[in-house]
Amino acid sequence: MSPSRLALILVSFILLSAAVAPSQELNSTFARDPVQPIDQQYTDQIHKYTTDPSFISPLVDYLPASKTVPTPAKMLGDIAGAPDMLPYAEDVYKYFRLLAANSPRVKVFTIGHSEEGREMIAAAVADPKLLAGAKENDARLAQLADPRTINLDDAKARQLVDQSWPIYYITGTIHSPETGAPTALMELAYRLAVDDAPYVKYIRSHMIVLITPVVEVDGRDRMVDIYNWHKAHPGQTWPRLLYWGHYVAHDNNRDAMAMTLGLTRNVLDTYLAWHAQVLHDLHESVPFLYDNTVGDGPYNAWADPTLADEWAELGWNNVAQMQSFGMPGVFTHGDFDTWSPGYLMFLAGLHNGISRLYETFGNGGADTEKRILRPEDYSRTWYRQNPPLPVVKWSQRDNNNYEESALLSTLYYFSHNTHHFLENYYLKSKRAVEKPSLEGPAAYVIPQDPAETNRQIELLKVMKRQHVEVEELSDAVTSTVPGEKRGDKPRQETFPAGSLVIRMDQPYSRVADALLDRQFWAAGDPQKHPYDDTGWSFSHLFNLKVVRVLDPSILKSKMARLDDPAKLAGNVAGAGAVLAVANTGQVSLLPLAYKLKGAAIQVAEKSFDVDGKHFAAGSLLITGFPENQIEGILRDLALDALRLAAAPSVPVHLVTVPRIAFMHTWLGTQTEGWWRYAFDTAGVPFDYISTQAVASEQDLHSKYDVIVFAPVGRSSTQEILNGIPMWNNPMPWQKSELTPNLGAIDSTSDIRPGLGFEGLAHLKQFIEQGGLLITCEDTAQFAIETSLAPGVSLAPHGDVRIVGSVLNTVFVDTDNPIAFGYGKGVPVISASGTAFNVSHTLGRTGGRVLMDPLTDPLDPYAKRETGRGSVDDSDVPQGRKTVEPEPLVKQQPWEAAHLDEEQTRNNPLVIPVQSRPDVILRFSDAKTLLLDGLLDKGSSIAEHAVVVNAHLGQGNVLLFGNNPVYRGETIGTYALVFNAILNYQHLTHEPASTDKQLPVTREIPGQESIEHEAGR
Ligand SMILES: [Zn+2]
């Protein structure tokens, strides 16, 4: 460090220290109770573990003593935020229960369990009077939350506001490597229960603070294991946290839309059961405290505008309070747009509350570390006048000081404005109910359609988890609906009886609106770094017809509440021993095959009509099923069926359910975790094996028929093959005395080795022997780069901009079993526009053709010379006989270039016809490509292949450019994967007769033909 640099740091240090002292004296708002004794030993430890005097506030630089209530040290053996230790969730809970047992100001509740059965809790902290009256208070809040109950009567609401206490719900450590919140919340609860500082007394007598100290409880326990292993192995590298929750890692904070995970459901159920006003989620990343309550634009388009005002009010106030304590590096505007409603805290944002989130600085454990910041983190900007220090020694205690100081000061502010926030709560709820007569729409209608019932039920499950009411039309209703495009005249549409109506005159209308509406992110939006997906319309992603109805007259139609969506399906009509189940792109045809393992299941290869009902190709004809159980099974799986006296005369193939393996890496398990979630939820069994297991398993084909290699998440082929560098020590991921929570999902003595070339050879052999390998995004790229998918290459992205957008597609090969049950196309989610090119030869990609931007490389006639006739005509040289040229074939972007005799003659790189890749699905043209979100310069990927089935030996490699199984949101594309699995033995071509003999030739083809062909 240069002397001048050191001097600078010293000067700033002195200045900061100088700034702290007077503020403590001047600011009497947070003065402690002069007569309440402090716990000196605990207080001494707080100061010892705080690495810089500016990293603490007068709110937390002492701990009040209590004769009856134990401090966190009782449970932890040291203070909250002490270095070198992290408590397990169970120990955190023990402390909260100890608090509850010893303080009348604390109550603890179980709020549910995780996927692995671990408990989640919430603690309520307030004066005993408030806790005793919590039930009556909640009855009042429930009326404010649902203004229909008081006929939207503002005078009545005002009375209720006057009588009620608000609820402020704080949640900690949803992200398991962000380790500070549990101890901060233990100490916060103690302070709220014990401290007699006037401001704390004011808080607990004016509001109830609700605390869930550990949201991702499975991940917390694994993180503590990893940390303990690290402490027991000094000097060694320790594994990253490979599994957080049972299914997903960081994405547990992207689950607030589909609500697939236990933690999301438990938090929302608690939040709504208490009718809380705020959901405040604690995270760790950037230095030192980013209260991203204000965040950045664009804001979610469906949120009530009052929410944005509340964000501004709370966020800027919180920053100012922290500034007054002299704590550096606190800001509220920053790099986080509030567009997507997928974040846990956003459950409050779209349920009429206030969503908030802190990012404090964390070290990914309890080690005290020297931290070196990047310039963008310590620069001073208009919204961060006192930026973080460029180099710091940082401790977990520092983190806890920031979290607690910010929370206590914001609770103080909230406690003095309870009336205001409760009024807002009522107003937001009221406006949600008034939506049909304000901004609209009046309702979303999901027309009754047996072909869609299965996927409709999946959507209704989401609505139920979101506490959205759904009704069923008693009679057919004709309504005016908007035209297709802007400027089109409104038209009349009749919805049959049994159609589903999601009324917008209900308290949680906003969340339904946000999920079902379409999203548009302008290419010119000043926000150039969307924080997450830009599009998510569930109407599209569930592949459903959903009509946005503006005409409020529909609300007067006769309809009845639908509480049990399951009752919509499970109908069995007809009589006979053959059961026909139509394929309409449901999520549960494959699960049915597993459920009926003893039955004979045939798949119809062509469509057929019977008893006036249409059955698409891919429908099932089942005999030998268990008569007495079949109706229950069909209802569980949300399927209808028709009994037939005899099988229709239609070509069929018999299917037996395949043995499936999921192959995962030890690099990352989140994106594949969403696939595991989908398969488990649907009821499709699989073995779970790692790339290391594949490396040591010579004969995969004797064990498995299908291997699913779901996305790793931005990994490269080198990483998949090589794994983690072997330079340092082995890193085990397995159950041990030190790490009891590791290894249950899968285990290894060393996570470093990857698939390796042996594993690749085993995989190749598995496919060649007839296996099906399913790949997606980065694993599709892996299949291409390792020659498992001959004839397939990645389409160049050009300058396309896509960030988690919903795109339109068209089926190319509608007879292919993978397309069974679908219509013309299906909306897909595309992370960044991955698409494929296909070719009938192997060879290099790129080439000369792309060098000439003036001609369309796909249109051979675009290159014709000046001469007679039109562009489609041949020129005619004068004064000689005319010889007609061979017709040129215009190639479409999703097609392989046509090869003529010249190009195939003695060309060893030409792929035999039966081995040429099949394009199943392609993107639609540039004009119609975008459904939801951001799409800029889409022409480079428009019309390109997005789902391709490649052939290798006797087997198949299925490649997805979109992610068909993603975050529980892509119900509409699950069947692409399930169709492939059910029909895995029927994805190869019959060898074509023309292909058996390729033309014998005289000369080796020129390089040009290969380049020309590959240069698409
Ligand atoms: Zn986080």
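Nothing in this text is a laboratory measurement; each read-out follows from the coordinates by a stated rule. Small disclaimer: the values here were computed from a predicted structure and weren't measured. All Cβ positions, glycine included, derive from the backbone under ideal geometry; neighbour counts span all protein chains shown.
Report, ordered by chain and residue number, the aspartates and glutamates lying within cross-link reach of residue 595, taken as a straight Cα distance under 20 Å and ignoring same-chain residues fewer than 8 apart.
Once the sequence-local aspartates and glutamates are set aside, what remains near residue 595 is 458, 627, 631, 636, 640, 680, 687, 705.
What is the angle, in °, between the Cα long axis of helix 3-26 and the longest principal axis of the Cα atoms in the chain? Nearest 10 is fine, range 0 to 90.
50 degrees
Would you mind ranking 229, 894 so that the residue whose beta carbon has the fewest other beta carbons within 10 Å leads the list? Don't skip to the answer; put the middle values down first.
Working: 229 19, 894 24.
Least crowded to most crowded, the residues run 229, 894.
I need 415, 57, 940, 696 ordered by Cβ neighbour count within 10 Å, fewest first. Before the final figure, lay out each step's value.
Working: 415 22, 57 25, 940 16, 696 12.
Ordered by Cβ neighbours within 10 Å, fewest first: 696, 940, 415, 57.
Return the inverse of the average 1/r over all pairs of distinct C-alpha atoms in the stretch 637-697, which is the Kirkwood hydrodynamic radius, in Å to one decimal.
Numbers: mean 1/r = 0.0663 Å⁻¹.
For the stretch 637-697, the Kirkwood estimate is 15.1 Å.
Loop-only trypsin sites (Lys or Arg not before Pro) in the stretch 531-571, please: DSSP not H, G, I, E or B, and at most 15 other Cβ atoms within 10 Å. Can you show the working numbers first?
Details: sites: 545, 548, 556, 558, 561, 567; in loops: 545, 558.
Here the sparse-neighbourhood loop sites are 545, 558.
Under Stokes-Einstein, with the Kirkwood radius over Cα pairs standing in for Rh, what whole-number D in µm²/s applies to the stretch 154-193 at 4 °C and 1.567 mPa s? Don't jump to the answer; show the numbers that get you there.
On the way: Rh = 12.9 Å.
Translational D for this selection: 100 µm²/s.
Kindly put 439, 785, 697 in sequence by how many other C-beta atoms sit within 10 Å of each C-beta, fewest to most. Intermediate results must be reported in sequence, preceding the final value.
On the way: 439 12, 785 16, 697 19.
Ranking 439, 785, 697 by Cβ neighbours within 10 Å, fewest first, gives 439, 785, 697.
Would you please classify the overall shape of the stretch 476-520 from the alpha carbon gyration tensor, given that a ≥ b ≥ c denote the square roots of the eigenvalues, rounded means a/c under 1.5, and beyond that prolate means a/b larger than b/c while oblate covers the rest? Spell out each step's value before the answer.
Details: a/c = 2.51, a/b = 1.14, b/c = 2.21.
Note, shape of the stretch 476-520 comes out oblate.
Using only alpha carbon pairs under 8 Å that are at least six residues apart, calculate the relative contact order of the chain and give it in whole percent.
Values: 2274 pairs, mean separation 105.4, N = 1016.
Relative contact order, the chain: 10 percent.
Find, among the GluC sites (Glu not before Pro) in the stretch 549-633, those assigned to loop by DSSP (not H, G, I, E, B) with at most 15 other beta-carbon atoms within 10 angstrom.
Numbers: sites: 605, 627, 631; in loops: 605, 627.
Listed in order of number, the matching sites are 627.
Could you check what % of the DSSP bridge pairs in the chain are antiparallel, to the nearest 5?
On the way: 80 of 122 bridges.
Once the DSSP bridges in the chain are tallied, antiparallel ones form about 65 percent.
Output the peptides 496-504, 65-73 sorted from most to least packed, where packing is the average of other Cβ atoms within 10 Å over each peptide's residues.
Working: 496-504: 20.8, 65-73: 17.3.
Highest-to-lowest ranking by the protection proxy: 496-504, 65-73.
For a quick check of your reading of the filter: which chymotrypsin sites (Phe, Trp or Tyr not before Pro) in the stretch 664-704 sit in a DSSP loop and have no more than 15 other Cβ atoms within 10 Å?
Working: sites: 666, 674, 675, 677, 679, 686, 688, 704; in loops: 666, 686, 704.
Here no loop site has a sparse enough neighbourhood.
Can you give me the angle between helix 670-682 and the longest principal axis of the chain, using Cα atoms only, in degrees from 0 to 90, rounded to the nearest 10?
Helix 670-682 sits roughly 80 degrees off the main axis of the chain.
Rg(Cα) of the chain divided by 2.2 N^0.38 Å? Working shown, then result.
On the way: Rg = 31.5 Å, N = 1016, 2.2 N^0.38 = 30.6 Å.
Ratio of Cα Rg to 2.2 N^0.38 Å: 1.03.
In whole Å, what is the distance between the alpha-carbon centres of the stretch 721-767 and the stretch 922-990?
After rounding, the separation between the Cα centres reads 30 Å.
Give me the distance between the Cα centres of the stretch 445-461 and the stretch 357-396, rounded to whole Å.
49 Å
For an R0 of 35 angstrom, estimate the FRET efficiency from the Cβ-Cβ distance between residue 735 and residue 761 and round to the nearest 0.05. Can you show the working numbers first?
Details: r = 31 Å, r/R0 = 0.88.
Rounded to the nearest 0.05, the efficiency is 0.70.
Run the reach check for residue 67 against lysines, Cα to Cα strictly under 25 Å, same-chain hits fewer than 8 apart removed. What comes back?
Correct list for residue 67: 48, 94, 107, 129, 201.
Could you rank the peptides 477-486, 731-740 by their average count of other C-beta atoms within 10 Å per residue, with the highest value first?
Working: 477-486: 13.3, 731-740: 16.5.
In descending order of packing, they fall as 731-740, 477-486.
Give the lysines whose C-alpha is closer than 28 Å to that of residue 597, dropping any in the same chain fewer than 8 places away, or say none.
Those lysines meeting the cut-off are 461, 567, 606, 613, 703.
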